[in-house]
Amino acid sequence: MIEIRIHGRGGQGAVIASEVLADAVFQEGKYVQSFPAFGVERRGAPVTAFTRINDKPIRIRTQIYTPDHIMVLDPTLLEVVDVTAGLKDGAWILINSAKPPHTFTFPDRYRVATVDANAIAVKYHLGPRNAPIINTAILGAFARLTGIVSLETLCNAVRAAVPINPEGNVAAVKEAYEQVIGDGQ
Amino acid sequence: MRKVVTGNYAVSWGAKLARAQVIAAYPITPQTSIIEKLASFCANGEMDARFIKVESEHSAMAACIGASAVGARAFTATSGQGLLLMHEVVHWAAGARLPIVMGVVNRAIAPGWSIWTEQNDTLSQRDTGWIQFYCETNQEVLDTTIQAFKIAEKVFLPAMIVLDAFVLSHTSEAVDIPEQAEVDAFLPPYRPPLKLDPEDPRAFGALVLPGEYMELRYKMQKAMEQALSVAEEVDREWGERFGRSWGLVEPYRLDDAELALVTSGTVTGTSREVVDALREEGVKIGLLKVRLFRPFPHQIIREMLAGVRKVAVIDRNISFGDSGVFAQEVRAALYHADKRPPVFDFVAGLGGRDIVPETIREIVDYTVTHDAPTEEFTWVGVKI
Amino acid sequence: MKKETEARVIVFTSEAEMPMMPASVASTLYNKTGSWRYMRPLYKNQTPPCNAACPAGEDIVMHLQLTAQGRYAEAWETLVRENPFPGVCGRVCPHPCESECNREYLGGAIAIHCQERFLADYAAAHHLSLPTTNVPQREEQIAVIGAGPAGLSCAYHLRRMGYQVTVFEAGEKPGGMMRLIPEYRLPKEVLEREIAAIIALGVEVKTGMRLGVDLALKDLQGYAAVFLAIGQSVSRRLDVPGEDAVGVLHGIDFLARVERGQKVDLGKKVAVIGGGNTAMDAARTARRLGADVTILYRRSRAEMPAIDEEVHETLDEGVKIEFLRAPVAVLTANGRVRGLRLTRIELGAPDASGRRRPVPVAGSEYELEFDTVIPALGQVADLTFLSAEVQTERGRIITDEKTATTRLPIFAGGDAATGFGTVTAAVGSGKRAALAIDSFLRGVERPFPDLAQNVQVAPRPHDPNVVRFEDLNTAYFEEIPRPPQDQRPAAQRVTTFQEVNLGYGEDVALAEARRCFSCGTCNECDNCLIFCPDVAVLRGPSDDEPFVFNYDYCKGCGICVSECPRRAILFAEEIKFNDQ
């Protein structure tokens, strides 16, 4: 079973990202479960969302405490939240940032990657200009790093989930897929 | 059609496929998305139902009572405080023998304010005359919603589908959404024998003298007893048509078990994982999931638990001054059994505290290491 | 309906015989609960206060109801059935309907005049023609003297009844006093349109025919009836020394000259004397011609007869009003006005009109310089041409409630007979005369209320009781403010004769109509149907009878009466019906 934790801020689309990822993986025949951190949410406040992926039915109904990978939609969260809490060795830490991965300091047991999802979202006019929607782009990068889901399936899931400008979102997924920079790559 | 949906949307889809004709509801976290989805179904024409906005849960149920009394299929949903505000008319719906179906998202009761899961809200409605199902997965939620209409309309008692706040209500997973035609074949339109009709007026809900009141209650109880076999038949038919059924209770690896966990709701899924892990470690453990809580399947539970040496009930609820409610019921069911295993009761996960595999292992460890309970119940994970 | 008329007492001997729920096994129809009714509800519309107050007898509630449903053409037809001048009245009527409107207490009276204007403008924009009536044409010829609002209203209604009507007008154009209302309040185009629509129905108008000059009463003997609507054309005098000096110009003469496009040299400083609408019109017109204008009024603001909005607009435009002042002399130099000698006034005891009598303050006289003095003290009728057979009293033609003069078949109305002094009252007066002439010629009796009350051509059945705010069930009504009407800014207004008030657009008119309580008038809200605990309220057979009571089962509990938001259900002692 693979457990993924997404860190974002209220309004950034962390919950939707967890659902789109689940839907995409489900389309490839796997069992999935996605859910927000159980609680109240507020725009701008740190939020988390989760996706579980397995080859057999997922019966466990707890929150995720030891994720296999994490995504961080806003790098400033690194100063606020212990994003690596419980994170398993060898995990990918994917950060939405224009900076290269080595500028972030994490223990060696983790792999760090960055993608400038903000720039991509702005380029494809995703969301309002004052709050670009970056959750689809980050999934493209995540798919490339982990190989958890194929680019094509992910694009289909994004197309089905996004009510406005689906093709722009798909283009963003593809661009992030190409642009993501992994540690040591 | 298989679709990744939340538990709440599974409820909405169930009500839609059941062709509910009147939906009267008041929003409350964590139920809100159930009625948002239904309102959207009604607004965009996907559902031919009258959506009634009301000013409280009491009014929501009152509107459902009126709708059901004229012969419409009525649906509502609520949670926690909302259910408690509704309480008076919850009784009324049952006494009037109206097969209303209600989705209830289990939410802990204030104060302290909580929006997280706990069963005290629905268990406090235990004696109202409503059928109650506690669900483990989103698929079960959807299937049970549709089944509930059929069962309720056969025995003329209302039914609740209960799901845990967030753990199911806001969790997405794949759900098979049946075709409308298949559901239509399973669930015929509601045809009440007696209904409010200005063309053929009757007095409803009038004064009943002591000479007749008890007979009405006798009939309610008979209907509840009948609901046991009806629920079983309906679930069997569902299985035949849709390839899955859920049982009134579900034993898991219980055949040769010496220790039986008794669970309800989403704790069951996590417990299955623990049972499997402990079996690997050689522990003879099994699980009994209670899906139907009212009517309580005493006989089946008695039979299922007769062979085990110990029973450990996980109660995500508490009856203050006594113990967990499921444990009370299980103990009562076992009282008339020839062999009565000791029943350990564990109150855990109140106010939405996560019940993780370690919590369940703690419960099992306690049960294994004690011959018999030393107290009415045991608190789990309380910082004492 | 399945009838079970016999009572049955069922004694259950086992639970199996019982219904599963506490419900009666048999029908309850046998139990005719209406038998012990002491009070009986009756669907009977009552009189809305606006309708009661409308001098032209419009069915305001009904046209608002139709507007509220977006049925503008029908609303307009409802309106013009009673009043062919909605565009005029919507602009210039002092709207006594709004003063009585029960909405006043929950957000402000309905802006009925704006609604009326909206409908008139809607009809114009959509080129709607006045609805024709499908009645047999009558041979009788009727003469109407005066093409003011009373004469034209009378001609319009008589024409709709099938009569042949000729209107004789002294002036060059029809319209009477309406023509003197300044362009910025009533664009001529609106007036011309509504007059043209009446003429288009087949009314003949002969202008330049002054009674007593160009024709005499005896010339009209060939007509089956004559309606005198000659108005009041003679200005009241100041009765002070110097009044005939050059530079003293009476209000209506001034307005008439401006209307005809004649140049009027006012000089710099202008005094307007009076507190009525003509005074406001004269002052605001003079202001637009560039003068520095002061209105002098002998009473206080509270007693001013001018429409309140008009007074506000006048002040906004920079006209000064001095209260409690009266002229005692026009000061002249070389036969020309140079100013006024004024006295201060105190208000004494109320006079016959109910207003406090102005009393000059001794020794308070002072002088002010003016280049022009415009007295606007009202007018009286010129009745010099009337023969002794048509009797007059205190400057007015004597009529009864059927508008008949003392010499049949001569009828009279409008200001010359009533002195009411508004377009709307004149419209109502003309309509009353038309109905009276028709009754007279056909020899049929029909009831005519007192002259102070209005008449309708097409009255709906209703109770004369007027619904007041306390009669309504206000639990059903929220406070919603009256929307303001767009207005040209004052600074712009004083440089132009363009219309000041811009009316309501469709959205506002629709919302405003929906704010109407529909006092006393069923609008099929269904409350009675919903609330009746005995299902004794049933849907009626037609739109005219939307609901009926099933008195077999109505217990007379009165819930329908109290839950009717608008008092459209009466509650009467059952004993009254026992003989029926």
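Among C:417-429, C:232-244, how do they line up by average Cβ neighbours within 10 Å per residue, starting with the highest? Mind dumping the intermediate values first?
On the way: C:417-429: 25.8, C:232-244: 16.3.
Ranked by mean Cβ neighbours within 10 Å, highest first: C:417-429, C:232-244.
Can you show me the helix-derived [θ] at 222 nm for chain B, built from DSSP H runs with n ≥ 4 at -39,500 (n - 2.57) apiece and divided by the number of residues, rounded to the nearest 500.
Value at 222 nm, helices only: -13500 deg cm²/dmol.
If amide H atoms are built 1.01 Å from N in the plane of the peptide, which residues on other chains or at least 5 residues away come under 5 Å of the amide H of C:Asn465?
C:Thr47
Could you name the lysines in cross-link range of B:Lys383, using Cα to Cα under 27 Å and dropping any fewer than eight places away on the same chain?
Straight-line reach from B:Lys383, under 27 Å: B:Lys310.
Between C:Arg210 and residues 5 or more places away or on another chain, which pairs have amide H atoms under 5 Å apart, with H built 1.01 Å from N, and which residues are they?
C:Leu215
Post the alpha-carbon centroid distance, the range B:24-86 to the range C:458-489, in whole angstrom.
Computed from Cα coordinates, the inter-centre distance equals 35 Å.
Once the principal axes of the Cα atoms of the range B:1-124 are found, what is the range along each, listed largest first in whole angstroms?
Reported extents, whole Å, longest axis first: 41, 37, 23.
Taking the Cα-to-Cβ direction at C:Asn134 and at B:Ala203 and moving 7 Å from each Cα, how far apart do the two end points lie in nm?
If labels sit at C:Asn134 and B:Ala203, their model points lie 5.4 nm apart.
Tell me, what ³J(HN,Hα) does each residue in the range B:97-102 have, in order and in whole Hz, if you take phi through Karplus 6.51 cos²θ - 1.76 cosθ + 1.60 with θ = phi - 60° and put x for Gly and Pro?
So the J values, rounded to whole Hz, are 6, 9, x, 6, 10, 9.
Residues of C:529-538, mean number of Cβ from any other protein chain within 10 Å of their own Cβ, rounded to a whole number?
Across the residues of C:529-538, the mean count of other-chain Cβ atoms within 10 Å is 1.
What's the ranking of C:151-157, C:33-39 by average number of surrounding C-beta atoms within 10 Å, highest first? Spell out each step's value before the answer.
Values: C:151-157: 31.0, C:33-39: 13.6.
Packing proxy ranking, top to bottom: C:151-157, C:33-39.
Quote the Stokes-Einstein diffusion coefficient, in whole µm² s⁻¹, for the range B:2-242, based on the Kirkwood radius over alpha carbon pairs, a temperature of 25 °C and a viscosity of 0.890 mPa s. Provide the component values of the computation, followed by the final result.
Details: Rh = 17.8 Å.
Roughly 138 µm²/s, to the nearest whole number.
I need the P(r) histogram for chain C: all alpha carbon pairs, bin width 20 Å from 0 out to the longest distance, whole percents.
Final binned percentages: 18, 45, 26, 8, 3, 0.
Report the one residue of B:Thr268, B:Trp379, B:Ile363 whose Cα lies farthest in the direction of the positive end of the charge dipole of the range B:263-384 (charges on C-beta: Lys and Arg +1, Asp and Glu -1; origin at the Cα centre).
B:Thr268
To two decimal places, what compactness ratio does the range C:85-164 give when its Cα radius of gyration is scaled by 2.2 N^0.38 Å?
So the range C:85-164 has a normalised radius of gyration of 1.42.
Note the full-extension length gain between C:Glu393 and C:Asn473 as 0.36 nm times their separation in residues minus their Cα-Cα distance, in nm to one decimal.
24.1 nm
With all distinct Cα pairs included, what does the Kirkwood hydrodynamic radius of the range C:317-373 come out to in Å, to one decimal, could you say?
Averaging 1/r across every pair of different Cα atoms and inverting gives 12.8 Å.
Nearest 0.05, what FRET efficiency do B:Thr374 and A:Ala85 give at R0 = 35 Å with Cβ-Cβ as r?
Efficiency, from the Cβ-Cβ distance: 0.40.
Quick check: the angle from helix C:72-82's long axis to the longest principal axis of chain C, C-alpha only, nearest 10 degrees?
Here the helix axis deviates by roughly 70 degrees.
At 222 nm, what helix-only mean residue ellipticity would chain A give, in deg cm²/dmol to the nearest 500, using -39500 (n - 2.57) for each DSSP H run of four or more?
Taken over chain A, the calculation gives -9500 deg cm²/dmol.
Would you kindly calculate the mean projected area, averaged across all directions, of the convex hull enclosing the Cα atoms of the range C:235-377, in square nanometres?
8.4
Using bins 10 angstrom wide from zero, how does P(r) for the range B:224-355 break down, in % of all Cα pairs?
Taking all Cα pairs of the range B:224-355, the binned fractions are 12, 40, 36, 11, 0 percent.
Rg and Dmax of the protein assembly as shown, using alpha carbons, in Å: what are they?
42.8, 134
Report the local net charge at C:Gln391: Lys and Arg +1, Asp and Glu -1, summed over other residues whose C-beta lies under 12 Å from its C-beta.
Details: positive: C:Arg394, C:Arg396, C:Arg407; negative: C:Glu389, C:Glu393, C:Asp400.
So the surrounding residues net to 0.
To the nearest whole number, what is the average tally of beta carbon atoms from other chains within 10 Å of the beta carbons of peptide A:21-28?
Mean shielding by partner chains, rounded to a whole number: 3.
Collect residues whose amide H, placed 1.01 Å from N in the peptide plane, falls under 5 Å from the amide H of A:Ala37; neighbours closer than 5 in sequence don't count.
Correct list: A:Thr48, A:Ala49, A:Phe50.
Looking only at the range B:1-41, which residues have a backbone nitrogen under 20 Å from a spot 7 Å from the Cα of B:Asp48 in the C-beta direction?
Output list for this probe position: B:13-24, B:38-41.
Going by average Cβ neighbours within 10 Å, how do the peptides C:488-501, B:29-42 rank, with the highest at the top?
Averaged packing, sorted descending, gives the order B:29-42, C:488-501.
Please give the average number of partner chain Cβ atoms lying within 10 Å of the Cβ of each residue in C:13-21, rounded to a whole number.
6
Is it possible to state the helix-based mean residue ellipticity at 222 nm for chain C, with each DSSP H run of 4+ residues giving -39500 (n - 2.57), the sum divided by total residues, to the nearest 500 deg cm²/dmol? What is it? All intermediate terms of the calculation are to be shown ahead of the outcome.
Working: 17 runs with 153 residues, N = 580.
My calculation for chain C gives -7500 deg cm²/dmol from helical runs alone.
Nearest-5 percent of antiparallel DSSP beta bridges in chain B?
Details: 11 of 48 bridges.
Counting only bridges with both partners in chain B, antiparallel ones make up about 25 percent.
Could you tally the net charge around A:Glu19, taking each other residue with its Cβ under 13 Å from the Cβ of A:Glu19, Lys/Arg +1 and Asp/Glu -1?
Neighbour charge sum, excluding A:Glu19 itself: 0.
Tally Lys/Arg at +1 and Asp/Glu at -1 over every other residue whose Cβ is under 9 Å from the Cβ of C:Ala536; what's the total?
Details: positive: C:Lys555; negative: C:Asp534, C:Asp552.
In short, -1.
On the Cα set of the range C:137-227, report Rg and Dmax in Å, please.
Here Rg and the maximum Cα pair distance are 13.2, 42 Å.
How far apart, in nanometres, would the label points at B:Arg361 and B:Arg191 be if each is projected 7 angstrom from Cα along the Cα-to-Cβ direction?
According to this spin-label approximation, the distance is 5.8 nm.
Which value, in debye to the nearest 20, gives the size of the charge dipole of the range A:48-171 about its Cα centre, when Lys and Arg are +1 and Asp and Glu are -1 at the Cβ?
Magnitude of the dipole: close to 260 debye.
Which percent, nearest 5, of DSSP beta bridges in chain C are antiparallel?
Working: 31 of 64 bridges.
Within chain C, antiparallel bridges account for around 50 percent of the total.
Would you mind getting me the FRET efficiency between A:Ala45 and C:Asp253? Use the beta-carbon distance for r and R0 = 60 Å, nearest 0.05. Display every interim value, and only then the final one.
Details: r = 78 Å, r/R0 = 1.29.
My answer for the efficiency is 0.15.
In whole Å, how far is the Cα centre of the range B:287-339 from that of the range C:507-539?
57
Considering every pair of different Cα atoms, what Kirkwood radius, in Å, is found for chain A?
Kirkwood radius, chain A: 16.1 Å.
Could I have the simple spin-label model distance between A:Glu178 and A:Thr105, label points 7 Å from Cα toward Cβ, reported in nm to one decimal?
With each label placed 7 Å out from Cα toward Cβ, I get 3.5 nm.
Going by alpha carbons, how many degrees (0 to 90, nearest 10) lie between the helix axis of C:277-288 and the longest principal axis of chain C?
For C:277-288 against chain C, the angle is about 60 degrees.
Values in this text are rule-based calculations from the coordinates and carry no lab data. All of these numbers come straight from a predicted model, not from anything done at the bench. Note that each Cβ is placed from the backbone with ideal geometry, even for glycine, and that neighbours are counted across all protein chains shown.
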